[in-house]
Amino acid sequence: MHFDYTIEAGDFSKAGDASSHLKKVLKQLNVDPQLIKRIVIAFYEAEVNVVAHANGGTAKCCIDLDRVSIELADSGPGIPDIEKAMQAGFSTASAKVREMGFGAGMGLQNIKNNADHLTIKSEVGIGTTVEIIVYLTQAQQ
Amino acid sequence: MDNRQFHHALTISSELCIGCSHCMNVCPTEAIRVRGGIAILYENRCVDCGECFKACPVHAISIGQDDFSRIDSYKQRVALVPEVFFGQFARNISRSQIKEAIIANGFTDVVEVETSVDLLLSQMKEYVKANDSKLPLISSFCPAIIRLIQVKFPALTQNIMLLKPPLDITALYCRRRLVDKGISPSEIGVFYITPCAAKIAAIKSPVGEEYSMITGVINMDTLYNKVYKHIRNDRKLHYDKPESTTLSEAARCWTLTHGEADHVPGRNLAVDEIHNVIEFLEKIENDEIPGLDFLELRACDESCAGGVLLTTNRFLVTERLRKAITPNKSENTEAEIDSYSDYLAKRIAIQAIHPRSMMKLDENMEEAMRKMDKAAQMLRCLPLTDCSACGSPSCQAFANDIALGEADIRQCIFIQKSREQTGELDPDESLEMMKSVWGSSKFYSNRK
């Protein structure tokens, strides 16, 4: 099953709409509640990153019987140093973003803690792609 | 998964129901449909919040209590009375008068449910310290909320605090105290005066426990009528007793909004009214709000003061309870319940609460995907007006019902009109379809 979402630039009131929708879908598919929690948290953090840093983007979700894969893509500023960005507490969020309660610098760590696979590809000035995979069956973890 | 049946205290009378659909449209878990002209309840989705009870214009929905005469089967007849019951009476009526009136109506003892609150609070403080990896912890107080979480937010069942609510602790205390005085357990009847349907459901089919200590339930409005009548007719007090409550301020206000949140240590939030709670739990499920320690969640607006079986306006009840004066406790007086602290503390835990998710389209994920695709396909043909003329509360609910084999797409009046135009549907068939949902009487203009 596929679901495609558009993530609007700078619109924090909608940040979380895509992950909320996916959550409803996963509940209806009777996915284990703890797995849903991990998937939704990882997706939510990635979605907020797109809103906060990039100029909007897209998210493509693929639900298979054994896994959920989410690919987020944006044409934002890109991440110059991915390793640094992964550090807990490190944030490049603007003042405006922080005022809204975001930008604590835990986003990527949160995704890593909840996903089974996390792949980040980025080019400064071009954009970023984030791929998240969560397995639905124990055997593959 | 918990496979026991949920007992429901709410029943819809097929004789009284006029099939107006008001209840269906307010149900927060979409647990009601209209079929054959009457509202029917989907029991596995109902959480006993009572919104339907409030919405019904003809009082076709009742909250099933035990017959009042049942108390006569017991030698010791204890009335467990919540503070909000007392809050319903005007300030010139004393608590002693109310207690006396309750006894005059057949009980032998009157015990405030909140008697065990101070003990519970100290246990909750210990619990919070010992469980800091499961934050935010969610109070186990409101049974409608526990059921809501099981049905709609199954991932959060593990956040619920596994401690008995005051009602169960006080019931245990009452029984023990009477047994210690030499009364045989079979002679003790403990009756709870309930402000709502959810508390009844929790007693008849407990979540986290095998059975309840409560013998029976009396609806708060039933007792209020009896007591009020007695007080009105009996103008002088037979006994001149002083104001007789020893409840602490925390205990007195426990069942009001912020009653728990203000006393549990840490950063806490209190949310009341079921739609507010649903909105909030969506955010908690997404981990959108870090740093919260404890959540006090109540299904009713103004918490128990807004219980569906209260007669007095909930804001007045809240005002009276908040402003009541707690008598000063002298240092030497120990509340009788304190001597039972160890006994009660050992029995205060409840078992793990399991999810009972009703959001799923099927147990099997592949089947669920197939049904989801079918529902999505159906939804594309539907008008998205949520008019509920099909007998389901919304177009999305209707699409799911079709995918689950519980409804026919021709129940939708927009589909009917379009198909009548093209000749695919014959007007007689169309009318029969509508009658199967709404009953025949809605299709003739003369109603006596």
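The values are calculated or read from the model by the stated rules, or taken from the named source; none is laboratory data. Quick caveat: nothing in here was measured; it's all calculated off a predicted structure. Heads up, the Cβs are rebuilt from the backbone with ideal geometry, glycines too, and the neighbour counts pull from every protein chain shown.
Looking at B:Q396, B:Q416 in this structure, which one is away from chain A (no Cβ under 13 Å) and outside any loop (DSSP other than H, G, I, E, B)? It would help to see each step written out before you state the result.
Values: B:Q396 fails: away from chain A (no Cβ under 13 Å).
Just one listed residue meets the conditions, B:Q416.
In region B:324-342, which residue that is at pLDDT 90 or above and surrounded by 13 or more Cβ atoms within 10 Å (Cβ to Cβ) is nearest to the other protein chains (Cβ to nearest Cβ)?
Taking region B:324-342 first, the residues at pLDDT 90 or above are B:339-342.
Filter once more, keeping what is surrounded by 13 or more Cβ atoms within 10 Å (Cβ to Cβ): B:340-341.
Details: B:Y340: 38, B:S341: 36 Å.
The qualifying residue nearest to the other protein chains (Cβ to nearest Cβ) is B:S341.
Yes or no, residue by residue, for (1) of a type outside the set (S, T, Y); (2) within 21 Å of B:A155 (Cβ to Cβ); (3) more than 10 Å from chain B (Cβ to nearest Cβ):
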position	(1), (2), (3)
A:L29	yes, yes, no
A:D32	yes, yes, no
A:L35	yes, yes, no
A:I39	yes, yes, yes
A:Y44	no, yes, no
A:N49	yes, no, yes
A:H53	yes, no, yes
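Just checking, does region A:55-63 include any residue being within 9 Å of chain B (Cβ to nearest Cβ) and modelled with pLDDT of 95 or more?
Yes; the residues of region A:55-63 include at least one that is within 9 Å of chain B (Cβ to nearest Cβ) and modelled with pLDDT of 95 or more.
Kindly list the number of the only condition in (1) under 18 Å from B:G37 (Cβ atoms); (2) of a type in the set (A, V, I, L, M, F, W, C); (3) over 33 Å from the mean Cα position of the chain (by Cα); (4) not in a helix (DSSP H, G or I) that fails for B:A407.
Going through the list (1) under 18 Å from B:G37 (Cβ atoms); (2) of a type in the set (A, V, I, L, M, F, W, C); (3) over 33 Å from the mean Cα position of the chain (by Cα); (4) not in a helix (DSSP H, G or I), B:A407 breaks only (3).
Just name the residue that is farthest from the other protein chains (Cβ to nearest Cβ) out of those in region B:284-307 that are of a type in the set (A, V, I, L, M), part of a loop (DSSP other than H, G, I, E, B) and more than 14 Å from B:I149 (Cβ to Cβ).
Of all residues in region B:284-307, those of a type in the set (A, V, I, L, M) come to B:284, B:289, B:292, B:295, B:297, B:299, B:305.
Checking which are part of a loop (DSSP other than H, G, I, E, B) leaves us with B:289, B:292, B:299.
Pick out the ones that are also more than 14 Å from B:I149 (Cβ to Cβ) and you get B:289, B:292.
Details: B:I289: 9, B:L292: 13 Å.
Result: B:L292.
Quick check on region B:157-187: of everything there that is more than 27 Å from B:L297 (Cα to Cα) and charged (D, E, K, R), which residue is surrounded by the fewest Cβ atoms within 10 Å (Cβ to Cβ)?
In this case the residue turns out to be B:K181.
Looking at region B:346-371, which of its residues are within 7 Å of another protein chain (Cβ to nearest Cβ) and in a loop (DSSP other than H, G, I, E, B)?
Selection gives B:P355, B:S357, B:M359, B:K360, B:L361, B:D362, B:E363.
Within region A:20-37, which residues are surrounded by fewer than 20 Cβ atoms within 10 Å (Cβ to Cβ) and in contact (Cβ under 8 Å) with a residue 40 or more places away in the chain?
Within region A:20-37, A:D32, A:L35 meet the criteria.
Select from region A:69-103 the residues that are β-branched (V, I, T) and closer than 17 Å to A:I120 by Cα and list them in ascending order.
First, the residues of region A:69-103 that are β-branched (V, I, T): A:70, A:79, A:82, A:92, A:97.
Across region A:69-103, the qualifying residues are A:I70, A:I79, A:I82, A:T92.
Modelled with pLDDT of 85 or more and within 11 Å of chain B (Cβ to nearest Cβ), is that true of A:L72? Don't jump to the end; show me each part of the working.
Working: modelled with pLDDT of 85 or more: yes; within 11 Å of chain B (Cβ to nearest Cβ): no.
No; evaluated as a whole, the condition is false for this residue.
In this structure, is B:V128 more than 21 Å from the chain's Cα centre (by Cα), over 21 Å from B:A9 (Cβ atoms) and in a strand (DSSP E or B)? Before the answer, list the steps.
On the way: more than 21 Å from the chain's Cα centre (by Cα): yes; over 21 Å from B:A9 (Cβ atoms): yes; in a strand (DSSP E or B): no.
For B:V128, the condition - more than 21 Å from the chain's Cα centre (by Cα), over 21 Å from B:A9 (Cβ atoms) and in a strand (DSSP E or B) - is not met.
Kindly evaluate B:K374 against the criterion of being at pLDDT 95 or above, surrounded by 14 or more Cβ atoms within 10 Å (Cβ to Cβ) and within 14 Å of chain A (Cβ to nearest Cβ).
Details: at pLDDT 95 or above: yes; surrounded by 14 or more Cβ atoms within 10 Å (Cβ to Cβ): yes; within 14 Å of chain A (Cβ to nearest Cβ): yes.
Taking the combined requirement at face value, the residue satisfies it.
Of all residues in region A:20-49 being over 14 Å from A:L72 (Cα atoms), charged (D, E, K, R) and touching a helix residue (DSSP H, G or I) at 6+ places or on another chain (Cβ under 8 Å), which is modelled with the lowest pLDDT?
Selected residue: A:K37.
For region A:24-111, which helices (runs of 4 or more DSSP H) that fit wholly inside it have 1 or more residues that are farther than 23 Å from B:A368 by Cβ and of a type in the set (S, T, N, Q)?
Per the criteria, A:33-53.
Which of the residues that make up region B:397-439 are loosely packed, with under 15 Cβ neighbours inside 10 Å and either under 23 Å from B:P28 (Cβ atoms) or in contact with an Asp or Glu (Cβ under 7 Å, 6 or more places away or on another chain) (or both)?
Listed by number, the residues that qualify are B:L404, B:E406, B:P427.
Restricting attention to region A:1-19, which residues are at the interface with another protein chain (Cβ under 7 Å from one of its Cβ atoms) and either within 24 Å of B:D362 (Cβ to Cβ) or touching a residue at least 60 places away in the same chain (Cβ under 8 Å) (or both)?
Here is the first cut: in region A:1-19, the residues at the interface with another protein chain (Cβ under 7 Å from one of its Cβ atoms) are A:1, A:16, A:19.
Answer for region A:1-19, where residues must be at the interface with another protein chain (Cβ under 7 Å from one of its Cβ atoms) and either within 24 Å of B:D362 (Cβ to Cβ) or touching a residue at least 60 places away in the same chain (Cβ under 8 Å) (or both): A:M1, A:S19.
Exactly one of (1) more than 14 Å from chain A (Cβ to nearest Cβ); (2) closer than 30 Å to A:D64 by Cβ; (3) surrounded by fewer than 15 Cβ atoms within 10 Å (Cβ to Cβ) is unmet by B:L382. Its number?
With (1) more than 14 Å from chain A (Cβ to nearest Cβ); (2) closer than 30 Å to A:D64 by Cβ; (3) surrounded by fewer than 15 Cβ atoms within 10 Å (Cβ to Cβ) applied to B:L382, the lone miss is (3).
Kindly check whether there is at least one residue in region B:246-255 that is at pLDDT below 95, among the small types (G, A, S), under 30 Å from B:T157 (Cβ atoms) and touching a Leu at 6+ places or on another chain (Cβ under 7 Å).
Within region B:246-255, one or more residues are at pLDDT below 95, among the small types (G, A, S), under 30 Å from B:T157 (Cβ atoms) and touching a Leu at 6+ places or on another chain (Cβ under 7 Å).
State which residue pairs qualify: first residue closer than 22 Å to B:T255 by Cα and inside region B:115-139, second residue among the small types (G, A, S) and outside any helix (DSSP H, G or I) in any location, beta carbons under 8 Å apart, and separation of 6 or more residues or different chains.
Going by the 8 Å Cβ cut-off, the qualifying pairs are B:T115/B:A335; B:V117/B:S248; B:D118/B:S248; B:D118/B:A335; B:V128/B:G266.
Has region B:172-180 got any residue that is of a type in the set (A, V, I, L, M), in a helix (DSSP H, G or I) and in contact (Cβ under 8 Å) with a residue 12 or more places away in the chain? Step through it out loud before you land on a result.
Let us first name the residues in region B:172-180 that are of a type in the set (A, V, I, L, M), namely B:172, B:178-179.
Subset that is in a helix (DSSP H, G or I): B:172, B:178-179.
With the extra rule that they be in contact (Cβ under 8 Å) with a residue 12 or more places away in the chain, the set shrinks to B:172, B:178.
Yes.
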